[in-house]
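Undergrad: One structure follows; several queries about it will come next.
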Amino acid sequence: MRVELKNVCKRFGKFAALQDVTLAFASGSRTALVGPNGSGKSTLVRMLMGMLEGDGELTLDGLDPAQRRQELAPRIAYVPQVAPRLWANVRDLVRATVGLRGGTESRVVEIAAQLGLDLEAVALRPFRALSGGMRQKALAATALASAADLLILDEPTASMDPRSRATFHRLLDDLPQRPTVLLCSHRLEEIRRHVDSVVELAEGKIAWQGASRDWLEAHSECVVELRTVDQRAGEWLALRGFCRVRSDWWQLAVPTAQRAALVSEVIRELDDAVLDLLARDLESAEPQAVPL
Amino acid sequence: MTFATQLAVVARLDLAEVRRSRWLASCLIVHFLLAAAFVLVGLRESSVLGFTGMGRALMSLSHALVFLLPLLALVATAQVVNGARDDGTLELLLSHPVSRRGWFAGTTLLRLCALVAPLLVAMPIMAIVGSLAFGQDIPWSYLARTLLVGTSLLACYTAIGLWISTFVRNQAKALMLAVLAWAASVAFLDFGLVGMMLQWRLPPASVFSIAALNPVQCARLALLSAAQPELSTFGPVGFWLANRVGTVGLFAIGIGWPLLLGLTTWTHAQARFCRRDLL
């Protein structure tokens, strides 16, 4: 599904939630929507689903979602960040979703099982009685089971455990229909794995737009750690912004793009005073030793 | 996706909410307790306004219901739309192929049924139980009249409650407004209005017209229209109206006006819900 926004604005009274946003997502593209709280991500997502109307031109495959919501809704699947606490039981909710969207209950059950949720076992429990993670898995399963052309995922794995998160990523990669994906997420691993481009919003405007690789380079952080017993080196490190974390270990977090420059600077300035030097990506638990 | 399917899906999901809130059970218990109280204390040989025995009990019960039903309907509906908006239910359901009109109609239908069903069940059962226990005839026509008036009143106040929940985003404020709406409906009866008329020397016709616009007053008069149209029975507003439209007209107004007001209010609420931003 092709998504196009031309000069889209949305105001809530005096507050401008979106200002002059112009974007285009090609059919089958995968885009991350990032930005701080209140930057306009949710407003944009709700406008795409036809729940809010604004100024400017917004079309999904040439159709205005606010005017043609009924036509477009079966082609859009949505996973909210926080699943609503419905009193309806799990089976009724799954049946309702399948009844409205088509597809089969067994497919939803199968995907939920892969995510680690036994839908049969919790079928008669009220949806609100499930944990946040279980509710999110159930909604993710209904979304992935539908043959949607546009997947809107708002922090879809925020409440999931690491194993389920990995399964969700795999299932998203393996979707046969190659839908357009709009992912609201602050997890770098998700952005790295699933999206081709990133749109960053700030105060309702596009603050940055481009390839995910470039965005990740600018935004991912790493930690440079080093060990020294030299007092003069310690003074220099403190001035450079390093923190002492253990008796003779020092640490500084920097954007990944600045890692090489920092390591070179440390080697140049401290030379033999450095006993160990490590740099690790903040997403990764494994440190990488930097050759001295 | 047909409109009927949307209605069915929305109503089914909302049924869980209604069942969870024990609204059906609560209404049934209130109706049964009220009916039991009136049957037990009312089935005596005394005569009030021409009603005796079972008739008297039913008349007392129906009058209590005229005051109670609007409150039940308002409390049950004043937090429906704003509540669904706040907890994300609306966002999730409307991300599926459910039209706004379908959601609003399905929710209305279910809430109205949840309010009307206990009344339709409790009243006849209590009348039959009272009849069997005390060996008195059941005034079926008055019972039917009460059920019609009660249903019409419930429809009216269900619509008003939904209107409040559509227009007032804050749930606590909506509930407060619902209680105020109920208080205003109860206050704008004869005694309040006649007091205003005397205090501010208002023309009687305008005061009576305002009173006649109150659905609770209309319902009360529709119930009383079975009795003699006397000032002592009807009160000044009823007597004024009965002299102009007759007792049959009074009954028709008692059924028709709350329904018309309810339909108008509901249509306005639905139009607003369908037209404006959802969240």
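Undergrad: Here are some residues: A:Thr142, A:Thr157. Which one is of a type in the set (S, T, N, Q) and touching a Phe, Trp or Tyr at 6+ places or on another chain (Cβ under 9 Å)?
TA: A:Thr157
Undergrad: Could you check how many residues of the stretch A:33-49 are in contact with a Lys or Arg (Cβ under 8 Å, 6 or more places away or on another chain) and at the interface with another protein chain (Cβ under 8 Å from one of its Cβ atoms)?
TA: Adding up the residues that qualify gives 1.
Undergrad: In the list B:Ala76, B:Ala105, B:Ala84, which residue meets the criterion of being within 11 Å of chain A (Cβ to nearest Cβ), at pLDDT 80 or above and closer than 30 Å to A:Pro80 by Cα?
TA: Selected residue: B:Ala84, the only one of B:Ala76, B:Ala105, B:Ala84 that is within 11 Å of chain A (Cβ to nearest Cβ), at pLDDT 80 or above and closer than 30 Å to A:Pro80 by Cα.
Undergrad: Looking at the stretch A:110-144, which of its residues are touching a residue at least 40 places away in the same chain (Cβ under 8 Å), within 13 Å of chain B (Cβ to nearest Cβ) and either in a helix (DSSP H, G or I) or more than 19 Å from A:Pro80 (Cβ to Cβ) (or both)?
TA: Correct list: A:Phe127, A:Arg128, A:Gly132, A:Arg135, A:Gln136, A:Ala138, A:Leu139, A:Ala140, A:Thr142, A:Ala143.
Undergrad: Quick one: in the stretch A:66-96, of everything that is at pLDDT below 90 and away from chain B (no Cβ under 11 Å), which residue is surrounded by the most Cβ atoms within 10 Å (Cβ to Cβ)?
TA: So, considering only residues that are at pLDDT below 90 and away from chain B (no Cβ under 11 Å), the one surrounded by the most Cβ atoms within 10 Å (Cβ to Cβ) is A:Arg68.
Undergrad: Let me ask another. Select, from B:Leu15, B:Leu7, B:Leu24, the only residue that is part of a helix (DSSP H, G or I), modelled with pLDDT under 80 and either in contact with a Ser or Thr (Cβ under 7 Å, 6 or more places away or on another chain) or hydrophobic (A, V, I, L, M, F, W, C) (or both).
TA: B:Leu24
Undergrad: Could you tell me which numbered condition A:Arg107 fails, if it satisfies all but one of (1) away from chain B (no Cβ under 14 Å); (2) free of Cβ contacts under 8 Å to residues at least 24 places away in the same chain?
TA: (2)
Undergrad: While we're looking at this one, here's another question. Determine which single condition A:Leu100 fails, assuming it passes every other condition in (1) at positive phi; (2) in contact with a Pro (Cβ under 7 Å, 6 or more places away or on another chain).
TA: (1)
Undergrad: Further question: Would you confirm, using the coordinates I've provided, whether B:Ala211 is touching an Asp or Glu at 6+ places or on another chain (Cβ under 7 Å) and crowded, with 18+ Cβ neighbours inside 10 Å?
TA: Against the criterion (touching an Asp or Glu at 6+ places or on another chain (Cβ under 7 Å) and crowded, with 18+ Cβ neighbours inside 10 Å), B:Ala211 qualifies.
Undergrad: Hey, another quick one. Determine, yes or no, whether B:Ser141 is out of contact with any helix residue (DSSP H, G or I) (no Cβ under 8 Å at 6 or more places or on another chain), more than 13 Å from every other protein chain (Cβ to nearest Cβ) and in contact (Cβ under 8 Å) with a residue 12 or more places away in the chain.
TA: Criteria met by B:Ser141.
The values are calculated or read from the model by the stated rules, or taken from the named source; none is laboratory data. Since the model is a prediction, treat every value here as computed from it, not as a measurement. Using ideal geometry, Cβ is built from the backbone for each residue, glycine included, and neighbour counts are taken over all protein chains shown.
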